[in-house]
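Have a look at the structure below, then the notes.
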Amino acid sequence: TLYHNGQTHIITENVGSNKRNGLVGDQYVYQQNLVFDHMKQFVKTNAQKKQPFFAYGTWTLPHTDSSMPQAEANPGGAYEPYASKSWPSNTKIQAAMITMIDRQIGQLIDLIDDPNEDGSKDGSIADNTVFIFASDNGGAEGHVDSGAWDRNEGLKGSKSSLNEGGIR
């Protein structure tokens, strides 16, 4: 379920599905892609109007379920760089989620610089835009994956705590 402008939007393809982990097939809609596609269209449309606007995107990644579209395992996909790692499956998915965020945020910044998507800086709103990226919390407690990363980089606390590891 997603919410937009006070309206509830049910992702009918996902109704009745249980929590999933791992790479999932095309029968499911990956909500993060819906959020990103809508944000891209909103920024593009409003940038071309040459009027000030406010956009607030809610990226929920990385988060559980640890799932990602199967297509992201294809060459160039967010999962592909981690597929051969000896990490646990959920760690590979979490790393791919972070890669997906990096790519999507980069595409939004590119769109701010080139809202017409024609390779020209004509129409750029980059000089008159404030872009803030923030996280909602630190990593989950006890999740230090051998060979991957320490999700809180040694900070005290974790998700749901008021210590640095929970809020940074």
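The values are calculated or read from the model by the stated rules, or taken from the named source; none is laboratory data. Small disclaimer: the values here were computed from a predicted structure and weren't measured. Neighbour counts run over all protein chains shown; Cβ positions are idealised from the backbone, glycine included. Surface areas here come from the heavy atoms of the whole protein model, side chains and all, with no ligands, DNA or RNA. Shrake-Rupley method; radii C 1.70, N 1.55, O 1.52, S 1.80 Å.
Look at region 8-32: where a residue is on the phi > 0 side of the Ramachandran plot and a partner is modelled with pLDDT of 75 or more, sitting 6+ places away or on another chain with Cβ atoms under 6 Å, you get Gly22/Ser89.
Scanning region 98-114 for residues that are open to solvent by less than 40 Å² (accessible area, probe 1.4 Å) and touching a residue at least 60 places away in the same chain (Cβ under 8 Å) yields Met100, Gln104, Leu108, Leu111, Ile112.
Applying the condition of being open to solvent by 30 Å² or more (accessible area, probe 1.4 Å), assigned to a loop (DSSP other than H, G, I, E, B) and touching a residue at least 12 places away in the same chain (Cβ under 8 Å) to region 115-128 and asking which residue is farthest from Leu23 (Cα to Cα) yields Ser124. Filtering region 129-139 down to residues that are under 21 Å from Met97 (Cβ atoms) and either touching a Lys or Arg at 6+ places or on another chain (Cβ under 6 Å) or of a type in the set (Ser, Thr, Tyr) (or both), which residue is most open to solvent (accessible area, probe 1.4 Å)? Among them, the one singled out is Ser135.
In region 50-71, the residue that is surrounded by the most Cβ atoms within 10 Å (Cβ to Cβ) out of those that are of a type outside the set (Val, Ile, Thr) and within 15 Å of Thr91 (Cβ to Cβ) is Met68. For Trp87, indicate whether it is aromatic (Phe, Trp, Tyr), within 23 Å of Lys159 (Cα to Cα), under 16 Å from the mean Cα position of the chain (by Cα) and assigned to a loop (DSSP other than H, G, I, E, B). No. Of everything in region 72-88 that is farther than 17 Å from Tyr30 by Cβ and in contact (Cβ under 8 Å) with a residue 24 or more places away in the chain, the residue that is most open to solvent (accessible area, probe 1.4 Å) is Ser86.
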